[in-house]
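The structure under discussion appears below in the form of structure tokens.
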Amino acid sequence: MHAHAANADVQEMACWALVNITSGVKAQGRARRQAAADAGALTQIVAAMHAHAANADVQEMACWALVNITSGVKAQGRARRQAAADAGALTQIVAAMHAHAAN
């Protein structure tokens, strides 16, 4: 995502890949969510939302990726939610809701 930050199509597809990779409720899904967070996915997703604020498709896939990666009720899930907030996810999500209210 970092190498092609200016390309909205790449950002959308990368977010979509993260959605798929981080799905699942069993141990493997939890491990993939943590691996994505550890790899810096949360920061890159928020950066994509900021860079492509006018692109509804990027915003939608980014929100889905954030949903998946930040899910979980145990300490790791709570830590991922805080990491997303610390990365600026809340600001970007609200901005996307305002910018794409008609979608």
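Near Trp16, within a Cβ-to-Cβ distance under 13 Å, what is the net charge of the other residues, with Lys and Arg +1 and Asp and Glu -1? My count for the surroundings of Trp16 gives -4.
Would you please give the FRET efficiency between Ala3 and Asp38, computed as 1/(1 + (r/R0)^6) with r the Cβ-Cβ distance and R0 = 25 Å, to the nearest 0.05?
Values: r = 19 Å, r/R0 = 0.75.
The value I calculate is 0.85.
Label positions at Ala51 and Gln28, each projected 7 Å from the Cα along the C-beta direction, are separated by 3.1 nm.
In whole percent, and with a 1.4 Å probe on the protein chains, what portion of the accessible area of the chain is carbon and sulfur?
Values: 3680 of 5960 Å².
Exposed carbon and sulfur together represent 62 percent of the surface.
In angstrom, the C-alpha Rg and Dmax of the chain are 12.8, 38.
The values are calculated or read from the model by the stated rules, or taken from the named source; none is laboratory data. Note that the structure is predicted; figures quoted are calculated from it, not measured. Quick reminder, even Gly has a Cβ in these numbers, built from the backbone with ideal geometry, and neighbours come from all protein chains shown. Note: accessible area is taken over every heavy atom of the protein model, side chains too, but ligands, DNA and RNA are not part of it. Shrake-Rupley method; radii C 1.70, N 1.55, O 1.52, S 1.80 Å.
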